[in-house]
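Some notes on the structure that comes next.
The values are calculated or read from the model by the stated rules, or taken from the named source; none is laboratory data. Quick caveat: nothing in here was measured; it's all calculated off a predicted structure. Neighbour counts are summed over all protein chains in view; Cβ atoms, including those assigned to glycine, are modelled from backbone coordinates with ideal geometry.
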């Protein structure tokens, strides 16, 4: 068995995906975030399929490619996918989209360079919702990673991964003598685990998760709020046009509403949270079609 010199950590999230790596030959190795696209170390978990040219784009590139195409007929030949992660273990279509996404991530230049450096001396620790550990989701994710060309992978409950992050970044030695509850509220799931006086306890109720209470519920709320506001302001033509364009709807829900939610969340956590808040972008993107 080859010696393991590198460990990659994968956060395949419902909303965003990130990957980091560290060398295993030191006690406290530096953890380096890998820029998947450009300077982005976290990219939107989404896929745009240009069916006319049979090309796939992922992350920010998917959004940019979509915005660059203003012709409604060309846009009609595109299909946008997001929020597919929670369904990969029981929906073949969503599983295929996830495989396409992970394959394109694996092919990213900087990540490919890291894998080439690691050769066959690397493993991937893949974060999974707690419910996936016994519900088949973890096995599905490991299968996807294998077929996408990643190094050998093993599954780690997402709140456990969060616990290890805090162990290395924010906790002190005396904290190890107390029980610590870790909450991981992501876009698709809400998970928790308990660190019992310095050791992980995976038994019984010590690790719990739900796939029903993720942050994407708030994306849906903002989406419905935008539609309600458009209706109240008499933008009936825009609503009819949106109803006729499934890709526009998917981008509005899967990207724009998430950005609005995140910006609003940052406002609420800022020192100016008592002041009014506005969203500066246009929703949906301007329509420059020629009749």
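From 98, 116, grab the single residue that is out of contact with any helix residue (DSSP H, G or I) (no Cβ under 9 Å at 6 or more places or on another chain), not assigned by TED's automatic domain parsing to the domain that holds residue 244 and not in a strand (DSSP E or B). Lay out the reasoning, then the answer.
Details: 98 fails: out of contact with any helix residue (DSSP H, G or I) (no Cβ under 9 Å at 6 or more places or on another chain).
Among 98, 116, only 116 is out of contact with any helix residue (DSSP H, G or I) (no Cβ under 9 Å at 6 or more places or on another chain), not assigned by TED's automatic domain parsing to the domain that holds residue 244 and not in a strand (DSSP E or B).
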Next on the checklist: Yes or no: the stretch 228-243 includes at least one residue that is out of contact with any strand residue (DSSP E or B) (no Cβ under 8 Å at 6 or more places or on another chain) and closer than 19 Å to residue 81 by Cα.
Outcome noted: yes
Checklist entry - Across the stretch 49-78, what is the number of residues that are surrounded by 15 or more Cβ atoms within 10 Å (Cβ to Cβ) and not in a helix (DSSP H, G or I)? => result 8
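Can you tell me which residue among 50, 71, 120, 139 is under 30 Å from residue 182 (Cα atoms) and over 18 Å from the mean Cα position of the chain (by Cα)? Break it down into steps so the answer makes sense when it comes.
Numbers: 50 fails: under 30 Å from residue 182 (Cα atoms); 71 fails: under 30 Å from residue 182 (Cα atoms); 120 fails: under 30 Å from residue 182 (Cα atoms).
Just one listed residue meets the conditions, 139.
For residue 18, indicate whether it is at pLDDT below 85 and in a strand (DSSP E or B).
Answer is no for this residue.
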Item to check | Selection from the stretch 215-248 of residues that are under 19 Å from the mean Cα position of the chain (by Cα) and more than 24 Å from residue 183 (Cβ to Cβ) | outcome: 223
Checklist entry - For the stretch 179-196, how many residues are modelled with pLDDT under 75 and surrounded by fewer than 11 Cβ atoms within 10 Å (Cβ to Cβ)? => result 0
Item to check | Qualifying residue in the stretch 252-268 (condition: modelled with pLDDT of 80 or more and more than 19 Å from the chain's Cα centre (by Cα)) | outcome: yes
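If I filter the stretch 255-262 for residues that are surrounded by fewer than 17 Cβ atoms within 10 Å (Cβ to Cβ), closer than 28 Å to residue 69 by Cα and in contact with a helix residue (DSSP H, G or I) (Cβ under 8 Å, 6 or more places away or on another chain), do I get at least one hit?
Residues of the stretch 255-262 surrounded by fewer than 17 Cβ atoms within 10 Å (Cβ to Cβ): 259, 262.
The next check asks that each one be closer than 28 Å to residue 69 by Cα; those that pass are 259, 262.
Now narrow it down to the ones that are in contact with a helix residue (DSSP H, G or I) (Cβ under 8 Å, 6 or more places away or on another chain): none.
No, every residue in the stretch 255-262 fails to be surrounded by fewer than 17 Cβ atoms within 10 Å (Cβ to Cβ), closer than 28 Å to residue 69 by Cα and in contact with a helix residue (DSSP H, G or I) (Cβ under 8 Å, 6 or more places away or on another chain).
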